Amino acid sequence: MIYINTFLFYSIMGHMMENFVYQKIDSGILYGYWTPIYGLAVLMILLIFAIIKKKIKNKPLRALVLFITSAVLLGILEMSGGYLIEKAFGRIFWDYSNQKWHIGKYTSLKMMLLWGTCSLLLIYVVHPFVRLFLKRIPSFITIIISLAFLGDLIYTLITLS
């Protein structure tokens, strides 16, 4: 349940960030108040960190490897997500081609550096506290929110394709 809670929580937080920080009206392809690429990204970061933590004992080196690995992999995730959304649904939610150091339309060096920095903040500052909260969510709440998410996903796939 902790992984489902993590995915849902950060999907919702990602949606909130885009709406309040970036003031985007349209955050992702789903109708509900979540942007699942953020939940997926956080799960990837947690997995990457678990692997790095086992392999690298030197903490500064571990942080550097986490930064670089997260920046690259989340850049690829962002690029893949943008491409798949455009091809599957004919919509473009972000386009960095007018930015300096863009890498195609869907990511840029600036964004990859941001993802690397956010990964460090997530692992060392945010997630240790959030994890305590996520562990306390009752299973029935997780099931209800998961069913709402799956319903939204199915409805989106039916109506947008």
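The values are calculated or read from the model by the stated rules, or taken from the named source; none is laboratory data. Source: prediction; values computed, not measured. Note that we place each Cβ from the backbone using ideal geometry, even for glycine, and neighbour counts take in every protein chain shown.
Here are the numbers:
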quantity	calculated
Enumeration of residues in the range 124-153 that are among the hydrophobic types (A, V, I, L, M, F, W, C) and either touching a helix residue (DSSP H, G or I) at 6+ places or on another chain (Cβ under 6 Å) or modelled with pLDDT under 95 (or both)	Leu134, Ile137, Ile145, Leu153
Selection count, the range 45-88, where residues are farther than 23 Å from Lys110 by Cβ, loosely packed, with under 15 Cβ neighbours inside 10 Å and over 15 Å from the mean Cα position of the chain (by Cα)	12
Meets criteria (more than 17 Å from Gly14 (Cβ to Cβ) and more than 18 Å from the chain's Cα centre (by Cα)) for Ser97	yes
Candidate set from the range 13-34 (those that are of a type in the set (A, V, I, L, M, F, W, C) and over 12 Å from Ser146 (Cα atoms)); member that is modelled with the lowest pLDDT	Ile25
Those helices (runs of 4 or more DSSP H) lying entirely in the range 81-161 with at least 2 residues within 23 Å of Arg62 (Cβ to Cβ)	109-121, 127-135
Where Ser146 falls short, out of the listed (1) of a type in the set (S, T, N, Q); (2) touching a residue at least 12 places away in the same chain (Cβ under 8 Å); (3) exposed (fewer than 15 other Cβ atoms within 10 Å of the Cβ)	(3)
Any hit, the range 74-93, residues being of a type in the set (Val, Ile, Thr) and in contact with a helix residue (DSSP H, G or I) (Cβ under 7 Å, 6 or more places away or on another chain)	yes
The range 22-40 residues that are loosely packed, with under 15 Cβ neighbours inside 10 Å and in a loop (DSSP other than H, G, I, E, B), paired with ones that are at pLDDT below 85 and not hydroxyl-bearing (Ser, Thr, Tyr) (beta carbon under 8 Å, 6 or more apart)	Ile25/Asn19; Asp26/Phe93
